[in-house]
Amino acid sequence: MNLVVMLGLFVIFLAVLLLPFRVRKVEENLEPFLFVCGVAALTISGFYGGLTQNGAPVHTGWSLAIIKEALIAPVYIHNTLRLPVGIVQAVLLVGLVMYRWHAPIHKVIRKLADRLSAPLLAFLLIVVLGLISSIISAILAALILVETVAAMPLARRLKIQLTVIACFSIGLGAALTPLGEPLSTIAVTKLAGEPYRAGFGYLVRQLGVYIIPGIFAFGLLGVLFLKRSRHLDSREEDVVYKDKLKDVILRAARVYLFIMALVFLGDGFKPIIIKYISRMPSEALYWVNTISAILDNATLTAAEIGPTLSPLQIKGALMGLLIAGGMLIPGNIPNIIAAGKLGIKSKEWAGIGVQIGLAAMFVYFLILYLPGYF
């Protein structure tokens, strides 16, 4: 039965990975498709027996706890003040603000783009949002990004390129503190005991030397893409705000369904994650974590990170998750927000995201692991 369960989960994994790029109806209805896949994965995983982690039994399949998490996760992100702050509220609030005051906001952004030049504004946008996303959260950084990009006088192709690169930067930067995103919160919690005694500044001390230069590198990459693209295609799109009130509300609802789907998928794939992925050698785990492009990286972090890992294993696992998260739309919260607002399709995102992600994975692999071979 366990073998049948694993085969079933593998089929669902391939469907999530391939169908959004090959079937137009799936691409146009990505949120309900992922939701159905998540429900299927969670149902199938319930038939897996005898799963343990660190000697303790692990529950798989449906439970009241996972249903509660899926219902609450889109509207509540853990915070020390227990404020009712979540992704859906943020998307809805900013959407309503833009609906009401889009004209003056877009006017200011266009003037700023004219004064600074588009490449310089792109560099500042990518770098500043990447650096502050760990303080203001990846969600707010992504909302600022999409509204700024939407107002910039650029052709659609350039907007997509700029957005994807900036989301890589935001996804990296948000991991520097527990305030930025769920991955960093879970990592610090899992490493709070001996021997690491992880606190608020743990991740910035461990990963800052890799992430901060990476954010500036993405900023330069954005400038290069923009300058080259503007040279090849200097056409600019008129900025026309087309959203109606129902569009704003529907976008927030789709984000809600998207987050629910990721929760179900992450928990549904738990047998594969715990049985195989979390037990891999450090170098292999780094590359296998490219599945973060389609799965919730917080779930992978919870399964992989623990006090028994070496510092290098922790760095490698987290960096693999963070970089791969930018490759495809489901890989990161900023991607989901940006793609939804700007209408970026799965193929469009992957066309630039996979290339950049694989190149970044290779560079960071050399930086992390090459010194150990000498």
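The values are calculated or read from the model by the stated rules, or taken from the named source; none is laboratory data. Since this is a predicted model, take the numbers as computed values, not measurements. Note: ideal-geometry Cβ built from the backbone for every residue, glycine included; neighbour counts use all protein chains shown. These area figures cover heavy atoms from the full protein model, side chains too; ligands, DNA and RNA do not enter into them. Shrake-Rupley method; radii C 1.70, N 1.55, O 1.52, S 1.80 Å.
Expressed as a whole percent, the proportion of Cα-Cα pairs in region 7-81 lying more than 16 Å apart is 63%. Under 5 Å between amide hydrogens, built in the peptide plane, is the criterion, and for Q53 it picks out V58 among residues at least 5 positions away or on other chains.
Placing R0 at 30 angstrom, the Cβ-Cβ distance between A155 and V204 gives a FRET efficiency of 0.20 after rounding to 0.05.
Placing a label point 7 Å from the Cα of D247 along the Cα-to-Cβ line, the residues of region 330-352 whose backbone N sits under 12 Å from it are 341-343.
Hydrodynamic analysis of region 172-331 uses the Kirkwood radius over alpha carbon pairs. Inserted into Stokes-Einstein at 4 °C and 1.567 mPa s, it gives a translational diffusion coefficient of 73 µm²/s. Of the whole protein surface, T148 contributes about 20 Å² of accessible area at a 1.4 Å probe radius.
For K244, a cut-off of 21 angstrom between C-alpha atoms picks up these lysines, skipping any fewer than 8 places away in its own chain: K107, K341, K345. Using a cut-off of 29 Å between Cα atoms, the listed pairs K190/K275; K111/K227; K159/K315; K246/K270 include K159/K315; K246/K270 as exceeding that distance. Across all directions, the average projected area of the convex hull around the alpha carbons of region 257-366 is 6.8 nm².
Using C-alpha pairs under 8 Å with a sequence gap of at least 6, the mean separation divided by the residue count of region 275-331 gives a relative contact order of 50 percent.
Projecting the Cα atoms of Y276, G325, I44 onto the charge dipole of the chain (Cβ charges, centred on the Cα centre) puts G325 farthest toward the positive pole.
How many percent of the accessible area of the chain is carbon or sulfur, using a 1.4 Å probe? Roughly 68 percent of what the probe reaches on the chain is carbon or sulfur. Accessible surface calculations at 1.4 Å, restricted to protein heavy atoms, place the chain at 46 Å² per residue. Dipole magnitude for the chain: about 700 debye, using +1 per Lys or Arg Cβ and -1 per Asp or Glu Cβ, origin at the Cα centre. Springs join every pair of Cα atoms under 10 Å in this Gaussian network model of the chain, and among Y76, Y256, Y286 the largest mean-square fluctuation is at Y76. Positive end of the dipole of region 146-206 (Cβ unit charges, origin at the Cα centre): among G199, L172, Q161, the Cα lying farthest that way belongs to Q161. Converting phi to 3J(HN,Hα) with the Karplus coefficients 6.51, -1.76 and 1.60 and the offset θ = phi - 60°, region 299-314 yields 5, 5, 4, 4, 7, 9, 7, x, x, 7, 6, 6, x, 5, 4, 5 Hz in sequence order, with x at every glycine or proline. Anisotropy class assigned to region 79-183 is oblate, per the alpha carbon gyration tensor with a/c at or over the 1.5 cut-off and a/b no larger than b/c.
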